[in-house]
Structure formats: structure tokens, C-alpha cells
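Below: the structure, in C-alpha cells.
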Amino acid sequence: MSTVNPRRWWALAVLAAAQFMVIMDTSIIGVALPKMQEDLGFSQGELQWVFNAYVIVFGGLLLLGGRLSDLVGARRIFVSGWAVMIAGSVLAAAAQTAWVEIAGRAVQGVGGALIAPSAMTLLMMLFMHDPRELGKAMALYGAAAPAGGTASVFLGGVFTEWASWQWCFIIYVPIGLATLAATKLLPNVESRRGSVDVLGAVAVTAGLALGVFAVVRAPEVGWGATATVLELVGAVVLIALFFVIQKAVREPLMPLSVWRVPRLGSANLAMTLLGAAWIPMWYFLNLYLQQVLGYGAFASGAALLPMTVLLMIFMTAITARLMAKVGAKPLIGVGLLLLAAGLVWLAAVEPTGTFLVDVLPASLVAALGMSLAYIPAMIAAMSGAPQEQAGLASGIVNTTYNVGSALGLAALTAVAMSQGADQLGNLPKLTDGFSAAFIGAAVVAAVGGIVTLLVMKSDKALAAEAPAPAPQEQGDKVSV
């Protein structure tokens, strides 16, 4: 393990490509949603399941994917994940009904949940020998996320406008096969003995899915309806059961002791609220561009390019330098508040609006906030974890971001539908619904920014605490 891998940078290219594709899979369908709705018969409220089916399964199974990566071997799980991703992509591309499409997206989510943690484990193995190389590798790996987002809005528009929305999934087949061929560059890791907490994985994934399902259906059946109440109670019980299981089993998916890692709690809260604000903004902005302004798929994707290019530039070239100067806490807090400001600006959209006035400036402000907050929150969550828990900390922070994304989108879709976003063709009512969703997302982001600035420990505070009491004297104290 101490030997430096001479092919580590080529191996990083494979891992970064995987991160690129996993992130692209969450957003490439954005500009294709109206066409998929038309072809497959989704209602305006059901359309979010094309996104949420992926992120619920992806987020719910990330910890299981990390555990399997530790036990079976990271490269084996990475390969298995790509095989599942290819199968899900074929199913999603071949779908003729809404529910088959949702099933395909869920299978893609399983693949993503295997790929993401195993890729991070492999990256840590390749570069753990040199902290400076690890920092560079993490920056390049992190840059693959906004690059995937940038490519997704462009390719999604190209495919949907000039081929078909099915190509948003077909593209994963040749790329997945090429990635599988390149996995020989990755280090091989022997399996080790241990148990897999399948019951815990089922409980957390089912609890998340049931909670989102309840929120999605609530506007239709009523928030006070017996079905809604029972579904929400069931979701809470399943999530509580997950934590009970984690405390009871010998080898849990998420040892509760990991929450003693400094800033893990506050960083994950920030990531949850970041996902709950950012993803609904991206979702409803796509719908506003196409269903209100009348943009085609390609024009809609092109309209989102300035935002995603700004994200990529800041994440790769500026945010890391700022973090070295001021630390994670102020960047996360200010970033979330800037995102909130951009969302408030977007809430002023008009039925007769224009891209240059109603969309571009507000979306750039929001993207600036996202670019300042995302990577610092990720690093803050992982930086205090010991080496043996780094993969777990990474899995938790990715899980919370996706949980926030799914729940935020479900809740704000309910808000939007209640204000008229279900009235296709009625542009004033549609716009009112989308505006309400933007306001709701702004509140979520603002709360995240304020809580971060008030609660999260600064880099200086952590440095001052470093030589203090040994772990056994700290008991069960959780540091935020």
C-alpha cells in the first residue's frame, strides 16, 4: 500500500470520468423532461419522479455501496456499478410507459450508488501517500462534477432537439463499456471478511422513498388525509429503525461514532439544505424556460450553459484558493446566502419574461453561491475523519446531499402545484407556481447559510482544539 502507483494519474482520469458520468446522469434529463412528459404520459406532478427515482435510490444505497467496496474490493464494486448503470440506461431508453422509465432510473441509481463510493475509495488509495497530490487529485475529481453538469445541459439539449430524449440514456452504453475497458488501470484490492448490513440499507432507502412519495401525493390527497399521515409516520419509523439497527449490529453501515468527527454534523446539514435548494431551482428553471418562455430543448440547455460554466470555473480555479485563505465556514455560509439571493431574484420571473432580464443574472448569482459552498462543505465533512473513516464520511455527505435534493424537490413541487404549476397552458398560473418554488428554495438556502455561520466551527477553532483531550475523555460528544 505504501508503493506509489506509477499509473495513478491515468487511473484518476478513469475515476474522474466516472464522477462526470454519475453527475451528468442526475441532470442530463432536465431539458428532456417536457418531451418525456409528452411521450410517456407523466402528469406535471409525477414528472419529478424521473429525477427522484434516481436520487432516492442513489442516496439511499450510497452507504451500502461504500460498505461493499470495503468488503468485496473497490475495483470489483466499481466494475459492478458500471454494469448495473449500463443495464439501467438500456431500460430507461427502451421505456414506453412512465413506470418503466422510473424503474430504469432507479436501476441507474443502484449503479451510481456502487460507482461513487468505490471511486472515492480508489482515489484515496492512489494518492494517500502525498497530501499535496491528494489535494490536486481531489480538485480534479471535484471539477468533474460541474463539468458533468455543463455537458449534461448541452448534450441533453442536442439529443432531445435533433435525435430523441432516449439518447440521454443510450449515451451511457458506449461510455460505460469504454470505462469498463479502462478499469485495468485501477488498483486491485483484495476482499476482506465482514458482514453487510442489508437490513439497514433497506430501512433507510425505504424510509426516504416513502417520505418523498407522501410529500408528492399530499397535494392531491390532502396533507391531513389518513394515507398521507400514515406514509409520513411510516417514513419516520423506518428512518428511526435505521439508526436503531446501526446501534445494534456489529458491523453497521454507518457507525454512530463517526458523528464525533469535527464538523461532520454541521457540514452535512449544509449539504442537505444546499441540495434541497439547488436541485429544485435547476428543475423548475428548466420547466420555466420551456413551458413558459417556449424554448426548445437545445435552446433551454444553451440558456443554462452560462450558469454551469461559471460553476466549473469557480470550483476549479477560485474556490480552492479562497478556502485556503478564509477557510470552509465563511464560504459555505456566504455561498448559501448568495444562492438564496439568486433564488429570490428568480422568483420575480414573468409570464412574458426574457432570458437576459429574468433568467441570466439571477442564475449566475445562484451559481456563484453554489460554487462557493459545495466543495468547502464536502471538504469540511471529510477533513476531520481518520483515514479508516474517510470513505464513510464521503458516503454520508453524498447521501445527505441527495436526500436533501429528493425531499426538497418533492416538497417544493407540492408548493408549486398548490400555486398553479399544474395548469399547463395557463402561463400566469404556471409562472406563479414556479415563483413559489423559487421562494421556497430561497428560504431553505438562507436557513442553511445562517445556521452554518452560527453553528459550524471555523478552521481556527478546530486548530486550537487539536492538541486537546484524548478521544476517550470526550465521551459521546459530537462536534459541529
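Every number in this text was worked out from the coordinates using simple rules, so none of it is lab data. Note that the structure is a prediction, hence the values are computed from the model and not measured. Because the Cβ atoms are built from the backbone with ideal geometry, glycine has one as well, and the counts that use them run over all protein chains shown.
Worth a mention:
- Longest to shortest principal axis, alpha-carbon extents of region 182-237, angstrom: 54, 28, 9
- Given their separation in residues at 0.36 nm each and the Cα-Cα distance between them, MET128 and ILE313 gain 64.0 nm when the chain is fully extended.
- Summary of packing: across the peptides 358-364, 156-162, the per-residue average of other C-beta atoms within 10 Å ranks them, highest first, as 156-162, 358-364.
- When peptides 290-296, 419-425, 221-227, 408-414 are ranked by their average number of other Cβ atoms within 10 Å per residue, the highest-first order is 408-414, 290-296, 419-425, 221-227.
- Estimated at 0.36 nm per residue, the fully extended path between ALA94 and LEU71 surpasses their Cα-Cα distance by 4.9 nm.
- Rg/Rh for region 256-463 stands at 1.02; both radii use Cα atoms, and Rh follows the Kirkwood definition.
- Compared with the alpha-carbon gap, the fully stretched path from TRP223 to VAL249 is longer by 5.8 nm at 0.36 nm per residue.
- Pairs exceeding a 20 Å alpha-carbon distance, out of LYS325/LYS460; LYS136/LYS460; LYS247/LYS329: LYS136/LYS460; LYS247/LYS329.
- Alpha-carbon Debye profile of the chain, log10 I(q)/I(0) at 0.07, 0.10 Å⁻¹: -0.33, -0.71
- Under the convention that each Lys and Arg Cβ holds +1 and each Asp and Glu Cβ holds -1, the size of the dipole of the chain around its Cα centre is about 1320 debye.
- Peptides 366-376, 197-207 ordered by average Cβ neighbours within 10 Å, highest first: 366-376, 197-207
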